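Heads up: the structure comes next, in structure tokens.
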Amino acid sequence: MTTNLFTTIFIAAVLLSMFTKLWLARRQLRHIGLHRNEVPAKFCEQVKLSAHQKAADYTSTKTRFSLFTILFEAILLLGFTLGGGVQLLSDWSLSTFDNTLLQGIGIIVAVLLISSILEIPFDLYNTFVIEENFGFNKMTPGLYVIDALRNMLIACALGLPLLFGVLWLMGKMGEYWWVYVWSVWVGFNLLLLFLYPSFIAPLFNKFQPVEDETLKERIDALLKRCGFTSSGLFVMDGSKRSSHGNAYFTGFGKTKRIVFFDTLLQRLTPGEIDAVLAHELGHFKHRHVLKRMVGIFTLSLVFLWLLAQLMQSAWFYQGLGVATQSTALALLLFFLILPEFSFLFKPLTSYYSRKHEFEADRYAVAQTAASDLASALVKLYQDNAKTLTPDPVYVAFYESHPPALERIAHLTEESK
């Protein structure tokens with residue numbers, strides 16, 4: 001492949017990805033606007049028009065804001081590549097460090113650091129303007145800074161040794177370096193699954209076991225009935241940062257646990273808590289975490305093999321505006337452009353995620369009342385101002401969870 005041809009393909013991929021995202025956002029805005037003034041018939045009794053309109057306005061505001069982030073991300077990518085940003089940082093790193101590994105780490109860290117700094121205004125606006133205006137933000141400026149510093153320290157403590165090891169393997173392991181790097185990547189992710197619940201998450205939030213004895217007995221009975229053993233069911237102080245509510249399954253092996261946000265737990269009845277818990281247990285019973293890991297690890301092996309083929313080709317670097325060739329630059333460029341070439345496959349991954357949610361719902365209905373799960377989901381959608389009327393095509397690309405109407409319809413069918 002020639003340099004000019006690859007440059008053309010890259011520009012086409014960036015433009016296709018960008019315009020598809022903008023088109024999807026416009027569809028979402030139009031669809032929500034058309035249904036803003038009427039609550040869907042199935043939710044008339046549970047959702048007030050004012051709450052429905054708040055969700056529509058919240059979603060529309062975030063979608064309009066995404067138009068700017070889409071443009072920014074495309075410009076930043078082109079600035080780093082064809083605009084000469086990566087080459088400039090490569091020249092700086094080569095002149096600053098004598099060691100090849102340090103040069104590679106310097107280039108990658110510089111790009112990540114610049115990207116993070118440039119993204120701060122967008123994150124600040126989202127947190128302290130959009131979330132604040134709709135009554136969700138509980139974050140203070142001081143806590144925001146502390147969280148940023150914690151994230152940076154964790155990224156350095158875990159990411160820098162990993163990056164050092166990956167670059168060393170790429171340079172020392174010969175033709176099949178990608179197999180060794182993949183093995184390290186798999187081991188690192190499995191380690192994170194063990195570390196996150198017990199060591200990383202508690203750095204940001206407090207996790208306390210359920211204290212209500214009556215509720216605890218109900219939960220223990222459900223866990224025993226479902227054959228689930230874990231390090232416990234915990235309540236997280238999510239209200240420390242946001243009034244959004246959620247529940248999730250995390251961990252692996254003996255560290256696996258189910259977490260409820262305190263904001264959600266305060267809103268649910270005992271039957272609804274059972275139903276939400278049973279849904280999370282459904283993810284465990286259907287091995288969704290394991291299946292997701294296998295999928296990610298398989299794709300990462302394919303991507304690393306592809307990178308091994310590309311890094312030997314001068315047109316790969318030159319087509320992206322970089323004259324210098326190195327393992328670090330190959331790694332950086334590949335993962336910078338990968339999202340542009342893979343975006344059109346998002347409907348596939350989103351579909352499987354929504355499929356897993358339906359499977360978890362089906363399991364929950366077999367263990368608890370479908371009406372309890374349905375009412376809990378409605379409360380969850382309300383607490384998060386999740387629109388009840390998203391655009392179907394937008395959902396196909398972005399949504400990991402089924403829309404409320406579709407999800408409640410499935411629950412109704414399952415309960416018959």
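Inside the range 127-138, residues that are surrounded by 13 or more Cβ atoms within 10 Å (Cβ to Cβ) and either without any contact (Cβ under 8 Å) to a residue 12 or more places away in the chain or over 20 Å from the mean Cα position of the chain (by Cα) (or both) make up a count of 5. Residues of the range 353-361 include none that is under 25 Å from ILE75 (Cα atoms), buried (at least 19 other Cβ atoms within 10 Å of the Cβ) and not hydrophobic (A, V, I, L, M, F, W, C).
The listed residues are ALA155, ALA110, and the only one of them that is at pLDDT 95 or above, small (Gly, Ala, Ser), in a helix (DSSP H, G or I) and within 24 Å of the chain's Cα centre (by Cα) turns out to be ALA110.
For the range 297-306, give me each residue that is within 17 Å of PHE188 (Cβ to Cβ) and in contact (Cβ under 8 Å) with a residue 12 or more places away in the chain. Correct list: PHE297, SER300, LEU301, PHE303, LEU304.
Suppose we filter ILE114, ILE105, ILE70 for residues that are in contact (Cβ under 8 Å) with a residue 60 or more places away in the chain and either surrounded by 15 or more Cβ atoms within 10 Å (Cβ to Cβ) or within 30 Å of PHE199 (Cβ to Cβ) (or both); which single one remains?
Step by step, each of ILE114, ILE105, ILE70 is checked, and only ILE105 is in contact (Cβ under 8 Å) with a residue 60 or more places away in the chain and either surrounded by 15 or more Cβ atoms within 10 Å (Cβ to Cβ) or within 30 Å of PHE199 (Cβ to Cβ) (or both).
Residue-level check: of (1) touching a residue at least 60 places away in the same chain (Cβ under 8 Å); (2) out of contact with any helix residue (DSSP H, G or I) (no Cβ under 6 Å at 6 or more places or on another chain); (3) over 25 Å from PRO392 (Cβ atoms); (4) crowded, with 17+ Cβ neighbours inside 10 Å, LEU76 misses just (1). Can GLY142 be described as within 24 Å of THR263 (Cβ to Cβ), part of a helix (DSSP H, G or I) and of a type outside the set (Val, Ile, Thr)? So GLY142 passes the test. Residues in the range 214-239 that are outside any helix (DSSP H, G or I) and at pLDDT 80 or above: PHE234, VAL235, MET236, ASP237. Is there a residue in the range 167-179 that is closer than 30 Å to PHE19 by Cβ, part of a loop (DSSP other than H, G, I, E, B) and in contact with a helix residue (DSSP H, G or I) (Cβ under 7 Å, 6 or more places away or on another chain)? No, the range 167-179 contains no residue that is closer than 30 Å to PHE19 by Cβ, part of a loop (DSSP other than H, G, I, E, B) and in contact with a helix residue (DSSP H, G or I) (Cβ under 7 Å, 6 or more places away or on another chain).
Does any residue of the range 280-289 turn out to be buried (at least 19 other Cβ atoms within 10 Å of the Cβ), part of a helix (DSSP H, G or I) and among the small types (Gly, Ala, Ser)?
Within the range 280-289, one or more residues are buried (at least 19 other Cβ atoms within 10 Å of the Cβ), part of a helix (DSSP H, G or I) and among the small types (Gly, Ala, Ser).
Taking the stated definitions as given, is ASP91 exposed (fewer than 15 other Cβ atoms within 10 Å of the Cβ), modelled with pLDDT of 95 or more and either closer than 30 Å to LYS172 by Cα or touching a Lys or Arg at 6+ places or on another chain (Cβ under 7 Å) (or both)? Yes: the conditions hold for ASP91. Taking the conditions exactly as written (free of Cβ contacts under 8 Å to residues at least 12 places away in the same chain and under 28 Å from the mean Cα position of the chain (by Cα)), does THR250 satisfy them or not? Against the criterion (free of Cβ contacts under 8 Å to residues at least 12 places away in the same chain and under 28 Å from the mean Cα position of the chain (by Cα)), THR250 does not qualify.
Within the range 193-213, the set of residues being under 14 Å from ILE154 (Cα atoms) and part of a loop (DSSP other than H, G, I, E, B) comprises just one member, PHE204. Can we say LEU124 is more than 24 Å from the chain's Cα centre (by Cα), farther than 27 Å from PHE10 by Cβ and among the aliphatic types (A, V, I, L, M)? No: the conditions fail for LEU124.
Taken over the range 170-191, the criterion of being under 20 Å from the mean Cα position of the chain (by Cα) and either among the acidic types (Asp, Glu) or surrounded by 14 or more Cβ atoms within 10 Å (Cβ to Cβ) (or both) is satisfied by TRP185, VAL186, PHE188, ASN189, LEU190.
Can we say ASP372 is of a type in the set (D, E, K, R), out of contact with any His (no Cβ under 7 Å at 6 or more places or on another chain) and over 29 Å from LEU101 (Cβ atoms)? Answer is yes for this residue. Can you pull out every residue in the range 40-94 that is under 29 Å from the mean Cα position of the chain (by Cα) and not in a helix (DSSP H, G or I)? Passing the criteria: PRO40, VAL47, THR81, LEU82, GLY83. Selection of first residues in the range 403-414 that are modelled with pLDDT under 85 and of second residues that are part of a helix (DSSP H, G or I) and among the basic types (Lys, Arg), restricted to Cβ pairs under 6 Å at least 6 apart or on distinct chains, gives the following pairs, ordered by first then second residue: GLU414/ARG362.
The values are calculated or read from the model by the stated rules, or taken from the named source; none is laboratory data. Please read these numbers as outputs of a predicted model, since none were measured by experiment. Cβ atoms come from the backbone with ideal geometry, glycine included; neighbour counts cover every protein chain shown.
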